[in-house]
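This report concerns only the one structure given below.
The values are calculated or read from the model by the stated rules, or taken from the named source; none is laboratory data. Keep in mind the model is a prediction, meaning the values are calculated, not measured. Here the Cβ positions follow ideal geometry from the backbone for every residue, glycine too, while neighbour counts run over all protein chains shown. The accessibility values were calculated without ligands, DNA or RNA, using every heavy atom of the protein model including side chains. Shrake-Rupley method; radii C 1.70, N 1.55, O 1.52, S 1.80 Å.
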Amino acid sequence: MFSPSRDEARRFLVDAWAKHRAGEPLSGLEAVAARLIALHPEYHAVLADPERHAGRDYLPETGEVNPFLHLSLHLAVAEQLAIDQPPGIRAHFEHIRAARGDEHAALHAVLECLGEVVWQAQRTGTPPDAQLYLDCLARSR
């Protein structure tokens, strides 16, 4: 399984966005990343200036949103939806999208649940709990 370092994951996002902006060919995952980045114009300047932002720590205690983490969670959710893993995530997403009437808002609801499950796993030192994830998605409808 591919497990990039923080710097590698950030460099992937920066490079995918730069290639997209330059009109260069993109791999499948780069195309997904570029599509997700396009949904977040608030992060474009960050990705366009990696020397200034890629090595930076973003502190939630100060209210900072980590754009690299946010986009990486988007990529994880895109992959989960593409393969319906955990089983049922795609159906939950479709219900959330129908209820909210907006795909991006629905994706953010899924991101919140994923973030909650990852936080819980880190806190307890256990693998992410798929049932906890699906239960959170069911509550998000």
Practice task
Please calculate how many Å² of accessible area the chain carries per residue, with a 1.4 Å probe and no DNA, RNA or ligand atoms counted.
Solution key: 59
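Extension gain GLU51-ASP15, at 0.36 nm per residue separation less the Cα-Cα distance, in nm? Before the final figure, lay out each step's value.
Details: separation 36, 0.36 × 36 = 12.96 nm, distance 1.25 nm.
So the extension gain works out to 11.7 nm.
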Completion exercise
Carbon/sulfur accessible area of the stretch 1-110, % of total, 1.4 Å probe, equals 57
Handout entry: For the stretch 94-115 and the stretch 10-28, distance of Cα centres in Å
Key = 26
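Does the stretch 1-54 come out rounded, prolate or oblate by the C-alpha gyration tensor, with a ≥ b ≥ c the root eigenvalues, rounded set by a/c under 1.5 and, if not, prolate when a/b is larger than b/c and oblate if not? Provide the component values of the computation, followed by the final result.
Working: a/c = 1.61, a/b = 1.06, b/c = 1.53.
Oblate shape, in that a/c is at least 1.5 and b/c is the bigger or equal ratio.
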Practice task
Among GLY28, PRO60, GLN120, pick out the residue whose Cα is farthest towards the positive end of the charge dipole of the chain, where Lys and Arg carry +1 and Asp and Glu carry -1 on C-beta, about the Cα centre.
Solution key: GLY28
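Give me Rg/Rg_expected for the chain, where Rg uses Cα atoms only and Rg_expected = 2.2 N^0.38 Å with N residues. Kindly include the intermediate steps, with their values, before the conclusion.
Working: Rg = 15.6 Å, N = 141, 2.2 N^0.38 = 14.4 Å.
The reported ratio for this selection is 1.08.
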Problem - Cβ crowding within 10 Å averaged over residues, with 26-38, 112-124 ranked highest first - result: 26-38, 112-124
Problem - Simple Cβ-charge dipole of the chain, Lys/Arg +1 and Asp/Glu -1, about Cα centre, in debye nearest 20 - result: 160
